[in-house]
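Take a look at the structure set out below.
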Amino acid sequence: MNNPRPCYLQIAIDTPLNAVFDYRWQCEDDQRPHIGQLALISFARREVVGLIVGVADESDVPVDKLKDALAVRSQLSPLSAKWLALAGFAADYYQRPLGEVALPGLPKNLRVLTTVALERAIKKLAKLEVLHDPTPANPPALNASQQQAADAIGGAQGFKPSLLYGVTGSGKTEVYLQACAQVLAREPDGQILILVPEINLTPQLEGNIRARFPGVMLATLHSSLSEGERMLHWLAAHEGKARIVLGTRLAILSSLPHLKLIVIDEEHDPSYKQQEGLRYSARDLAVWRAWQLQIPIVLGSATPSLESWHHAQSGRYRKLELRERAVKNAVLPTVKLIDMERDKPNDGLTSQLIAAIKQRMERGEQSLLFLNRRGYAPVICCESCGWISECTRCTSFMVLHRPEHRLRCHHCSLEMRIPRHCPTCGNVDLQPLGRGTQRVEEGLQAMFPEARVLRIDADSTRKKGSAQEAFDTVHRGEVDILIGTQMVAKGHDFKKLTLVGILNPDTALFSQDYRASERLFAQLMQVAGRAGRAGIPSEVLIQTRYPQHPLYGAVVHHDYDHFATALLEEREQAALPPYLYQALLRAEARELATAIEFLNMARDCMEHPGITINDPIPMTMTRVHNVDRAQLLVESPSRPALQAFLKEWVHTLREMKSRVKWSLEVDPLDI
Ligand code: ADP
Ligand code: ZN
Ligand code: ZN
């Protein structure tokens, strides 16, 4: 029998320090830990879980500085080399330490549970059977383009990215499901990852999947699971038991040892981009993962991102098209523009829109009003002295929330009661200015006292489960008029909805952000796509002051192709993404000058041939929560050149040990 002797574990830890740390571990030779296992260690006087990325016979760390690892989580099969490579790629690409990428994505319970509790959880998994056993639903017969697409995806071998470009209601979901069926039938252990942009869209799809694949274990992964559930679902995926994993962006880093197909629904959706911490794009990582595993991936959308459209045009992605709606007789809604200069709105609604809503009420059909602004009014003001409700901590306004009698800043969540009189001049007559969803709701209810009006936005759905409840109410037909923000614009298949009114889209037309028109166009097409899905003739009314604007013209003609192709040409001429690669360095400080000074130093600290570094500028919303923010945009036509520069740059910036808080974002969406 061997005597235990030490080996040295190289461990990645969730810390901004860009290093792996050595720990000693006493064990017999045949019981050495494996790369990809988790270990419990003491770090900075806390017990934390780290990821073993190397096992060695010796260590460069002096013996008196070496600590022993506390435990190795051998109950769990190690994370695979492929998974480690995925985390490693994300860390490299987004310029983050490996531990900061690999560890936060793991379920918290894997990290915090005691060994005994962890064993209990793993036993639970062994007993976990396929939970539901609904009566299997028969798949509908696909139409010819759907069949072609499903076969192309389901039958693909190797790395084959497809762009499933299908108009709203063209039955993309059905294509995914039948492609999945082919893969599950062909690959006895095969796993499939399906990503959707928002949790609100998982229940609908989850129901469809369970009904379609009754014997197959499905695991969901999204932010509203309890820690216990998340742990169980993550383990089910990691141990290969769950054959379909349905989740939001965070699921892209789940461990899937037998992954054979990736589906990204609504691939254009900005929700795939994480906007804090590790600012990754789940869509981009998904494409890399498919390449790494040499498996097919499908990106579906009625309004693909210009990045994906570009790849489809250049032939890098195969374009699969669904030009028509799948349901018999269902056609795309008629889109009309209402000139608000001629038809002056009353309570935010033009007479034409009011007449159209009335008509739907009489026919027993549903209307949806879309306004991407929650609250009652974006600001209140004093007409006698000009005071307006600014946030004292941010470069923004306090939004009036009338039902709650509060003013709220949507950026720092500062809250206060509505002042009784003007803080500057004492005037008691403070007026709301502009219109949010609550105000529209109030106006509608006054106009249509008999109507069942429902508002769906972040405020009305704060309670867990309340969003689902609200959507169910709409599906059951218990709502006449639905008013909502972008929450209602995505993915939902409301059968009785025949009118969509779009209240105030104009502001985005003149935004400084070059992506604003791409985003507005996608949003309008998506929300318009909620109408007429069951074959009842339907219309979309857009209220605008600029009915001549070409963007609206393209929406009227449902003409994504030309719009996107023209936009791409503009981007190419102006040398903008996807023809250019960008990264954004942000700095935060109490004083704007401090942040700018840091960015100036960052700009000048290194040679950078082939890389353009712009001047530092304050961010559009400069101050949030009493912190001033500035940014520095870095650009290059070559991705490898930019990557090489960033790596060295981040290293240099770390060495600078500035007290300014900074962060780097690769491929930023908002600049
Ligand atoms: P998309 O995701 O493209 O917007 P969906 O997948 O939600 O569209 O499908 C729209 C509607 O068409 C759904 O009600 C779906 O059940 C129906 N559908 C899809 N394919 C078919 C088909 N081949 N025959 C009949 N109905 C279909
Ligand atoms: Zn005043
Ligand atoms: Zn604020």
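The values are calculated or read from the model by the stated rules, or taken from the named source; none is laboratory data. Just so you know, these numbers come straight off a predicted model, no measurement behind them. Reconstructed Cβ throughout: ideal geometry from the backbone, glycine too, with neighbour counts over all protein chains shown.
With the requirement that a residue be of a type in the set (Lys, Arg) and either surrounded by fewer than 18 Cβ atoms within 10 Å (Cβ to Cβ) or not assigned by the TED database to the domain that holds residue 296 (or both), what does the range 174-227 give you? Before you say what the answer is, go through the steps one by one.
Filtering the range 174-227 down to residues of a type in the set (Lys, Arg) leaves 186, 210, 212.
Answer for the range 174-227, where residues must be of a type in the set (Lys, Arg) and either surrounded by fewer than 18 Cβ atoms within 10 Å (Cβ to Cβ) or not assigned by the TED database to the domain that holds residue 296 (or both): just 186.
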Would you mind telling me which numbered condition in (1) within 16 Å of ligand 2 (Cβ to nearest atom); (2) within 29 Å of the chain's Cα centre (by Cα) residue 430 fails? (2)
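Residues are listed down the side, and each one gets a yes or a no for (1) within 16 Å of ligand 2 (Cβ to nearest atom); (2) modelled with pLDDT of 95 or more; (3) more than 25 Å from residue 534 (Cα to Cα); (4) in contact with a strand residue (DSSP E or B) (Cβ under 7 Å, 6 or more places away or on another chain):
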{"residue": "425", "(1), (2), (3), (4)": "yes, yes, yes, yes"}
{"residue": "441", "(1), (2), (3), (4)": "no, yes, yes, yes"}
{"residue": "444", "(1), (2), (3), (4)": "no, yes, yes, yes"}
{"residue": "453", "(1), (2), (3), (4)": "no, yes, no, yes"}
{"residue": "468", "(1), (2), (3), (4)": "no, no, no, no"}
{"residue": "482", "(1), (2), (3), (4)": "no, yes, no, yes"}
Mind checking which pairs have a first residue in the range 74-99 that is on the phi > 0 side of the Ramachandran plot and a second that is of a type in the set (A, V, I, L, M) and surrounded by fewer than 20 Cβ atoms within 10 Å (Cβ to Cβ), Cβ under 9 Å, 6 or more apart or different chains? 95/650
Members of the range 600-616 that are touching a residue at least 40 places away in the same chain (Cβ under 8 Å) and assigned to a helix (DSSP H, G or I): 601, 602
Out of the range 368-393, which residues are in contact (Cβ under 8 Å) with a residue 60 or more places away in the chain and either in a helix (DSSP H, G or I) or surrounded by fewer than 18 Cβ atoms within 10 Å (Cβ to Cβ) (or both)? 393
So residue 500, is it modelled with pLDDT under 95, away from ligand 3 (no atom under 16 Å from the Cβ), buried (at least 21 other Cβ atoms within 10 Å of the Cβ) and not small (Gly, Ala, Ser): no
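Tell me, yes or no, whether the range 437-457 has at least one residue that is within 16 Å of ligand 3 (Cβ to nearest atom), under 30 Å from residue 203 (Cβ atoms) and touching a Phe, Trp or Tyr at 6+ places or on another chain (Cβ under 7 Å). Break it down into steps so the answer makes sense when it comes.
Narrowing the range 437-457 to residues within 16 Å of ligand 3 (Cβ to nearest atom): none.
Looking through the range 437-457, none of the residues is within 16 Å of ligand 3 (Cβ to nearest atom), under 30 Å from residue 203 (Cβ atoms) and touching a Phe, Trp or Tyr at 6+ places or on another chain (Cβ under 7 Å).
Please count how many residues of the range 617-646 are in a helix (DSSP H, G or I), surrounded by 14 or more Cβ atoms within 10 Å (Cβ to Cβ) and within 26 Å of the chain's Cα centre (by Cα).
Taking the range 617-646 first, the residues in a helix (DSSP H, G or I) are 639-646.
Adding the requirement that they be surrounded by 14 or more Cβ atoms within 10 Å (Cβ to Cβ) leaves 641-646.
Add one more test, that the residue is within 26 Å of the chain's Cα centre (by Cα), and what stays is 642-643, 646.
Matching residues across the range 617-646 total 3.
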Please state which of the following conditions residue 94 fails to meet, knowing it meets all the rest: (1) over 18 Å from residue 221 (Cβ atoms); (2) out of contact with any helix residue (DSSP H, G or I) (no Cβ under 8 Å at 6 or more places or on another chain); (3) of a type in the set (Phe, Trp, Tyr). (2)
Quick one: residue 383 ticks every box in (1) of a type outside the set (Phe, Trp, Tyr); (2) within 16 Å of ligand 2 (Cβ to nearest atom); (3) assigned by the TED database to the domain that holds residue 558 bar one, so which box is it? (3)
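Which residues, taken from the range 317-360, are within 16 Å of ligand 1 (Cβ to nearest atom) and among the aliphatic types (A, V, I, L, M)? Write out each step before concluding.
Residues of the range 317-360 within 16 Å of ligand 1 (Cβ to nearest atom): 319-333.
If the condition is that a residue be within 16 Å of ligand 1 (Cβ to nearest atom) and among the aliphatic types (A, V, I, L, M), then 320, 322, 326, 327, 330, 331, 332 are the ones that fit.
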Residue check, residue 367 in contact with a Leu (Cβ under 7 Å, 6 or more places away or on another chain), of a type outside the set (Val, Ile, Thr) and assigned by the TED database to the domain that holds residue 457: yes
Matching option when the condition is farther than 29 Å from residue 639 by Cα and either small (Gly, Ala, Ser) or modelled with pLDDT under 85 (or both), among 81, 117, 102, 87: 117
Does any residue in the range 650-671 that is on the phi > 0 side of the Ramachandran plot come within less than 8 Å, Cβ to Cβ, of a residue that is assigned to a strand (DSSP E or B) six or more places away or on a different chain, and which pairs are these? 667/281; 667/581; 667/582; 667/583
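Checking the conditions here, which among 169, 158 is at pLDDT 95 or above and in a loop (DSSP other than H, G, I, E, B)? Before the answer, list the steps.
On the way: 169 fails: at pLDDT 95 or above.
158 is the lone residue from the list that is at pLDDT 95 or above and in a loop (DSSP other than H, G, I, E, B).
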Criterion (closer than 26 Å to residue 167 by Cα, out of contact with any His (no Cβ under 8 Å at 6 or more places or on another chain), at pLDDT below 95 and more than 16 Å from ligand 3 (Cβ to nearest atom)) met by exactly one of 346, 329: 329
